[in-house]
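Undergrad: Quick one: this structure, given as structure tokens, is what I'll be asking you about.
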Amino acid sequence: MMSKKAINRYRLPVPKNLLQRIDRTSSPAHMGNLRNAIDFIVDEQTPVLAAADGIVTFVKDSSDTGGSNPIYWDYTNFIVIRHPNGEYSRYDHLSYHSSKVKVGQRVKAGKEIALVGMTGYTYLPHLHFQVFEVTGINAWTDIDTLEVQDFDTFN
């Protein structure tokens with residue numbers, strides 16, 4: 001299946017000086033419509049930054065549970081931001097009660113929106129990041145991740 005590329009330019013969603021590495025290939029969960037998701041390997045409590053301007057459409061930060069078993073899949077804390085051109089960015093494995101934004105809030109690229117945690121199905125501290133478009137009527141399941149090749153770095 002051909003990957004569609006993101007139109008927007010996205011900035012690095014974590015501070016560059018705290019980034020250990022970028023992993024695009026090792027997660028077993030990155031297949032199918034999540035095939036273009038990216039893991040930013042960082043320590044817990046690393047600031048998570050909005051990757052582009054947009055409006056926050058979803059915030060979940062009530063979970064304090066996670067681990068390396070798929071049974072933890074639904075326990076991830078995450079934030080979704082809708083960008084002006086219809087693309088969305090999603091930030092997963094956020095720390096319990098660390099969200100600094102609310103649904104409906106406008107955010108600028110680079111704004112701190114949360115902290116990295118160990119919630120959901122995760123094997124080590126990292127930020128799971130994906131850019132996606134909605135492809136059907138269900139915005140949770142009818143999605144396709146878009147390929148983001150390069151990230152702007154401002155820090």
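The values are calculated or read from the model by the stated rules, or taken from the named source; none is laboratory data. Since the model is a prediction, treat every value here as computed from it, not as a measurement. Quick reminder, even Gly has a Cβ in these numbers, built from the backbone with ideal geometry, and neighbours come from all protein chains shown.
Undergrad: Name the single residue that is nearest to Ile41 (Cα to Cα) among those in the stretch 55-92 being polar (S, T, N, Q) and part of a strand (DSSP E or B).
TA: Of everything passing the filter in the stretch 55-92, Ser89 is nearest to Ile41 (Cα to Cα).
Undergrad: Looking at (1) surrounded by fewer than 18 Cβ atoms within 10 Å (Cβ to Cβ); (2) outside any loop (DSSP other than H, G, I, E, B), can you tell me which one Gln45 breaks?
TA: All conditions are met except number (2).
Undergrad: Follow-up question, since we're still on this one. Scanning for something crowded, with 22+ Cβ neighbours inside 10 Å, hydroxyl-bearing (Ser, Thr, Tyr) and within 16 Å of Tyr10 (Cβ to Cβ), does the stretch 116-124 turn up at least one residue?
TA: No, that holds for no residue.
Undergrad: For the subset of the stretch 20-36 comprising residues that are more than 15 Å from the chain's Cα centre (by Cα), within 17 Å of Pro125 (Cβ to Cβ) and assigned to a loop (DSSP other than H, G, I, E, B), which member is modelled with the lowest pLDDT?
TA: Looking at the filtered set, the residue picked out is Ser26.
Undergrad: Which condition number in (1) crowded, with 17+ Cβ neighbours inside 10 Å; (2) touching a Pro at 6+ places or on another chain (Cβ under 7 Å) is the one that His30 fails?
TA: Among (1) crowded, with 17+ Cβ neighbours inside 10 Å; (2) touching a Pro at 6+ places or on another chain (Cβ under 7 Å), His30 violates only (2).
Undergrad: May I pose another question? In this structure, is Lys111 out of contact with any Gly (no Cβ under 8 Å at 6 or more places or on another chain) and without any contact (Cβ under 8 Å) to a residue 24 or more places away in the chain? Full working, then the answer.
TA: On the way: out of contact with any Gly (no Cβ under 8 Å at 6 or more places or on another chain): yes; without any contact (Cβ under 8 Å) to a residue 24 or more places away in the chain: no.
Judged against the criteria, Lys111 is not a match.
Undergrad: If you take the residues of the stretch 93-129 that are in a strand (DSSP E or B) and of a type in the set (Phe, Trp, Tyr), which of them is nearest to the chain's Cα centre (by Cα)?
TA: Among residues in the stretch 93-129 that are in a strand (DSSP E or B) and of a type in the set (Phe, Trp, Tyr), the one nearest to the chain's Cα centre (by Cα) is Phe129.
Undergrad: So which residues in the stretch 43-78 are under 13 Å from the mean Cα position of the chain (by Cα) and closer than 15 Å to His126 by Cα?
TA: Within the stretch 43-78, Pro47, Val48, Leu49, Thr76, Asn77, Phe78 qualify.
Per-residue answers, yes or no, for (1) within 22 Å of Asp150 (Cβ to Cβ); (2) touching a residue at least 40 places away in the same chain (Cβ under 8 Å); (3) crowded, with 17+ Cβ neighbours inside 10 Å; (4) touching a Pro at 6+ places or on another chain (Cβ under 8 Å):
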{"position": "Lys4", "(1), (2), (3), (4)": "yes, yes, no, no"}
{"position": "Arg21", "(1), (2), (3), (4)": "yes, no, no, no"}
{"position": "Arg35", "(1), (2), (3), (4)": "yes, yes, no, no"}
{"position": "Ala52", "(1), (2), (3), (4)": "yes, yes, yes, no"}
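Undergrad: Examine the stretch 64-73 for a residue that is under 25 Å from Glu133 (Cβ atoms) and either surrounded by fewer than 20 Cβ atoms within 10 Å (Cβ to Cβ) or touching a strand residue (DSSP E or B) at 6+ places or on another chain (Cβ under 6 Å) (or both), and state whether such a residue exists.
TA: So far as the stretch 64-73 goes, yes, one or more of its residues are under 25 Å from Glu133 (Cβ atoms) and either surrounded by fewer than 20 Cβ atoms within 10 Å (Cβ to Cβ) or touching a strand residue (DSSP E or B) at 6+ places or on another chain (Cβ under 6 Å) (or both).
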